Amino acid sequence: MWISCLLATVAGSFLSLTAPNLDSVSEVDSAVAADRVAAERGDATAQYNLGLRYDTGDGVPVDDTAALKWTRLAADGGHPSAQHNLGVIYASGEHVPQDQAEAAKWYRLAADQGHRMAQFNLGIMNDKGEGVPQDHAEALKLCRLAAGQEHPGAQFNLGVSYAKGDGVPQDGAEAMKWYELAAAQGLAPAQIALGAVYYAGKDVAQNHTEAARWMRLAADQGNPSAQYNLGVLYAKGEGVPTSDAEAYFWISLAAASAHSTAAKVGDKLKARLPPALLAETQTRIATWRANPSVLSGNAVSGRVSAEQ
C-alpha cells in the first residue's frame, strides 16, 4: 500500500508548466491580451495559460470560476497539463464537488499522452482503489512509466516495490538504483531509505558514514524522521562524531514536528548537557525553527503518494 505525501503546486490549485514569465506591466498586459484572443479562438495552450493566470492573479484578478472555466476548456481541447490539473481539482474537491472517479478520468487522459504527474497520480489511485477498481498491476505499470520520465516520487515507489518484492521479484540492487535516482533529485523519503539501507548493510556494504550523509540531506529539508535518525547517530557516534549536543539539536527538531518518540529521548539528552552548552544548543534550535534551511519535508515509512 502506497502512503500519502502531497507535493505542493507552484501556486493555487494548478501546476504551472507553460505560462510565460514576463516582467514589465506592458509585457504582461500584452501577453494576457494575446492569451485571451487565442483562448477565445479555441487554442488549448492559451486557454491553459489563461486558466493559470486567473488562478495565480498573473496579470488579471484572481478568479477561481474563470480559472476553472479556462482549464476545463483546455482539458476538453486535449491539453495534457490542463487535464492533469482538472484531475487534481476533482481529487481535492477544490472549487468542485470532490469526485475521485472524475479525477481518475482526467488523469487517464493526461497519462495516455505521457504526462508523468498524471501517470504517477493515476498509479496511486489504482494502487488504493480510489476512483477506479483496485489494480496493483496497473498501478505498477503507471509508476514505472512515470519513473522512466524521472518523476522522483515514482522512482522512489518503484524502489520500495523492489525492496519488498511487491508486484516484482524482490531485488535489493534494483531498489537501490531507484532510491538513488530519486534521492539525487532531493526527495527526502528516498534519502532516508538510502540511509537506512547503508546503516543496516542490507544489499550493500554497511557504511554508517554514508548512512549519516543521506540522513543529513533529508534532515536539512526538515524531515522529522531523518532528524531523529541523525540525532541517534550522533548519540551513538555512528558515522559521525559522538555529540550529545548535536544529538539533542536534531532530536529536538524532530520532537517539534511531533515525532512519536523524539521528545522522550530529547529530555534524556538535555539532562546530560552542561548549562552553557544546553543554552547554546537551544539557541541553535530556536534559530532553525525560525528560519529552517528548507521548509518541512515528508516523513514516510513507505511509498510516496498523490501529487498536486
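Nothing in this text is a laboratory measurement; each read-out follows from the coordinates by a stated rule. The shown structure was predicted, so the numbers you read here are calculated from the model rather than taken from an experiment. Here Cβ is always computed from backbone atoms with ideal geometry, including for glycine, and neighbour counts include all displayed protein chains.
As a quick test, which of the pairs LYS141/LYS202; LYS128/LYS236; LYS128/LYS270; LYS128/LYS177; LYS105/LYS202; LYS141/LYS236 have an alpha carbon distance above 31 angstrom in this structure? The answer is LYS128/LYS236; LYS128/LYS270; LYS105/LYS202; LYS141/LYS236. The relative contact order of the chain comes to 15 percent, based on Cα pairs under 8 Å that sit 6 or more residues apart.
What FRET efficiency, computed as 1/(1 + (r/R0)^6) with R0 = 45 Å and r the Cβ-Cβ distance, is obtained for ALA33 and ASN207, rounded to the nearest 0.05? For ALA33 and ASN207, the calculated efficiency is 0.15. Computed from backbone phi, the HN-Hα couplings of segment 279-284 come to 4, 4, 5, 5, 5, 4 Hz, rounded to whole numbers (Karplus: 6.51 cos²θ - 1.76 cosθ + 1.60, θ = phi - 60°; Gly and Pro given as x).
Take 117-130, 202-215, 135-148 and order them by the average number of nearby Cβ atoms within 10 Å per residue, most first; the result is 117-130, 135-148, 202-215. Sorting 174-182, 90-98, 46-54, 191-199 by average packing, meaning the other beta carbons within 10 Å per residue, from highest down gives 46-54, 191-199, 174-182, 90-98. Computed from point charges on the beta carbon alone (+1 for Lys and Arg, -1 for Asp and Glu), the dipole magnitude for segment 57-171 about its Cα centre is near 220 Debye. When the Gaussian network model of the chain links Cα atoms closer than 10 Å, the mean-square fluctuations of ALA104, ALA276, ALA39 top out at ALA276. With the helix formula -39500 (n - 2.57) applied to DSSP H stretches of n ≥ 4, the chain reaches a computed 222 nm mean residue ellipticity of -20500 deg cm²/dmol. Basic side chains Lys and Arg get +1 at the Cβ, acidic Asp and Glu get -1 at the Cβ, and with that the dipole of the chain about its Cα centre reaches some 1020 debye.
Between VAL168 and ALA200, the contour length at 0.36 nm per residue exceeds the alpha carbon distance by 9.3 nm.
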